[in-house]
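To keep things clear, I will list the structure first and then write my remarks on it.
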Amino acid sequence: FLTFAMHRMSNENKLSQRSHKSVTAFVAAREKRKREIDGLPAFPINHRSVDAGRRLSDQAISQCHKALWHALETTTFVLPKNETFVISGDIKNLWLRDSAAQMHPLLIPNVYQGKSLVQIDPKLERVVSGLILKTARFIRFDPYSNSFHREPENPKNAFDREALGRHGYIATRNYELDSGCYFIRMLYYFQKNFPAHPLLREREVKEAVMIMVDVWIAEQRHEEDAYPKGELFDCKHCGKPYRYNPKELERNGKGTKTNSTAGLTWSGFRPGDNPCSYAYVIPSNMFAVVVLGYVMEMATTLWTDDSLMKKAQKLRQEIDDGIRRHGIVEHKTYGKIYAYEVDGLGHSLLEDDANVPSLLSIPYLGYKYDERVYANTKRFILSKDNPYFYQGKSGGIEYSGIGSKRTNANAATLWPMAMIMEGLVSKDASDKVILVEKLVASSAGTGYMHGSFKPTNPRNFLRPWFCWADALFAELVMSLTEGCPMPERGKYDVYKWDDR
């Protein structure tokens with residue numbers, strides 16, 4: 001199908017192409033304006049109202065349904081006390097980032113009969129509300145941790161307890177700025193779906209937001225050993241500067257030197273879980289700017305908390321100013337581009353990683369970016385000048401896209417997540433259709449997205465059970481067609497429902 005589709009497109013009448021592109025551009029602009037008015041990111045563009053869905057293969061529609069329900073059917077535990085626990089797939093812990101991302105397609109507005117999936121199915125509302133509450137409780141347990149056990153554990157190894165900070169529910173304490181961003185995005189989308197839901201006024205939920213804001217403020221001055229203070233910071237490792245394994249973070253676990261006046265907020269690890277080279281991750285700071293806007297809105301309309309609103313507003317402005325002062329660098333080939341990491345002292349890391357937030361994902365995150373700088377950045381990261389850009393041919397299909405430092409030991413592995421993100425930030429429905437069909441082919445007959453694969457042989461892949469990528473794939477297909485989700489074609493069972 002993919003070969004046929006590409007051949008047909010290459011031989012279309014030029015007038016028809018221009019007509020189709022003008023319709024697509026009109027729809028894209030209209031949908032972008034509507035989502036911005038709603039306070040949501042403009043991307044992915046909703047192309048369901050054009051004929052894009054009719055050009056998708058039946059296999060793509062079928063795989064969308066499988067991907068959409070994969071996390072619910074294999075990773076979701078509905079628990080007592082109004083909680084939900086969601087593992088990432090092949091890793092049996094709840095990752096703040098992955099779990100929220102896995103549930104995100106359920107919160108997207110207007111995907112079925114003018115509603116989101118959580119609005120038409122009370123079971124899904126219970127799943128997501130439970131995850132929000134569980135995440136809020138984990139954040140209170142330790143706001144610097146990025147993944148958690150379902151049941152508390154106490155490692156016997158002193159190194160795990162002391163250098164890695166693991167105890168109780170903490171599975172990994174690799175502080176990643178984006179983890180808190182994903183929680184706030186999930187909460188905000190839930191609030192858009194259910195403005196009067198009682199969960200939104202739960203003390204624990206609001207306090208989790210307040211905790212993350214205070215952590216981000218303190219970590220602007222990480223170099224000065226600042227740390228958040230107050231009655232909400234009573235966890236075992238609270239009350240002192242964040243430190244981690246000295247084998248991973250330089251200067252005895254503090255990390256590389258940074259400029260405390262840069263305005264940016266520090267992160268020990270990047271979204272791919274690798275230690276930062278320079279600790280201001282620009283796409284993660286952009287994500288923080290976006291969700292701090294959500295905090296400002298919720299503080300005003302939901303919680304009537306002027307103090308929280310002003311605190312979030314000030315932090316948001318400082319980070320955004322820092323991005324514009326330190327996050328844009330001059331490249332000798334591409335001109336002004338966004339850096340992936342900086343330290344605020346003049347050093348920068350020029351690359352991109354498949355894990356989201358990424359530079360490629362900037363429009364998807366909802367950040368108000370400089371269009372020219374982003375265009376230059378996109379040309380750079382989708383070229384061989386990006387050390388994690390890979391390409392190859394298999395079965396007559398040309399694959400290309402971004403990999404990750406995380407799988408660098410497996411040379412030249414391309415991440416489907418990055419290919420999906422190319423589609424999610426595209427304004428062209430035809431390009432999105434082609435990417436979807438390539439992604440279906442890259443799944444090598446398994447029916448699911450993988451962590452990564454060799455572009456010269458998609459059957460050589462890593463992580464066959466990776467529900468974050470499946471959720472993103474479903475979101476991409478859902479932006480193209482009314483054919484997914486369709487209840488008669490896709491039904492689900494929650495993996496374990498134990499809500500006594």
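The values are calculated or read from the model by the stated rules, or taken from the named source; none is laboratory data. The structure presented is a predicted model; accordingly, all values stated were derived computationally and were not measured. Note that each Cβ is placed from the backbone with ideal geometry, even for glycine, and that neighbours are counted across all protein chains shown. Only protein heavy atoms, including side chains, enter the accessible area calculation; ligands, DNA and RNA are left aside. Shrake-Rupley method; radii C 1.70, N 1.55, O 1.52, S 1.80 Å.
Starting from segment 447-500, pick out the chymotrypsin sites (Phe, Trp or Tyr not before Pro) whose DSSP state is loop and whose Cβ has at most 10 other Cβ atoms within 10 Å.
none
Return the subset of Lys115/Lys368; Lys115/Lys384; Lys192/Lys427 for which the Cα-Cα distance in this structure is over 30 Å, preserving the input order.
Distance filter (> 30 Å) returns Lys115/Lys384.
Using a basic spin-label model with each label point 7 Å from the Cα along Cα→Cβ, how many nm lie between Asp321 and Asp385?
Placing both labels 7 Å along Cα→Cβ, they lie 3.1 nm apart.
Quick one: go through segment 433-473 and flag any residue whose amide nitrogen is under 16 Å from the point 7 Å out along the Cα-to-Cβ line of Lys393.
Under 16 Å, as judged by backbone N against the label point of Lys393, lie 455-458 of segment 433-473.
For the chain, what relative contact order do you get, as a whole percent, if you take Cα pairs closer than 8 Å and at least 6 residues apart?
21
Sum up the charges of everything whose Cβ sits under 15 Å from the Cβ of Gly490, counting Lys and Arg as +1 and Asp and Glu as -1, but leave Gly490 out.
In short, -4.
Using a simple spin-label model with points 7 Å from Cα along the Cα→Cβ vector, what separation in nm is obtained for Lys496 and Lys332?
5.6
Quick one: go through segment 416-445 and flag any residue whose amide nitrogen is under 12 Å from the point 7 Å out along the Cα-to-Cβ line of Asn460.
No residue qualifies, since no backbone N sits under 12 Å from the label point.
Express the relative contact order of segment 296-438 as a whole percentage, based on alpha carbon pairs under 8 Å and six or more residues apart in sequence.
16
Quickly work out the Ala158-to-Asn252 label distance, labels modelled 7 Å from Cα along the C-beta direction, and quote it in nm with one decimal.
According to this spin-label approximation, the distance is 1.7 nm.
What is the distance in Å between the Cα centroid of segment 335-354 and that of segment 69-112?
32
Over segment 113-169, what is the relative contact order in percent, taking alpha-carbon pairs closer than 8 angstrom and at least six residues apart?
23
For the chain, what is the accessible area per residue in Å² when the probe is 1.4 Å?
Solvent-accessible surface per residue comes out at 39 Å².
Give me the extension gain from Arg489 to Arg140: residue separation times 0.36 nm, minus the current Cα-Cα distance, reported in nm with one decimal.
Full extension from Arg489 to Arg140 adds 121.6 nm.
Determine, from the Cβ-Cβ distance of Leu345 and Glu297 and an R0 of 35 Å, the FRET efficiency 1/(1 + (r/R0)^6), rounded to the nearest 0.05.
0.55
In whole percent, how big is the carbon plus sulfur part of the accessible area of segment 145-292, probe 1.4 Å, protein atoms only?
C and S atoms contribute 46 percent here.
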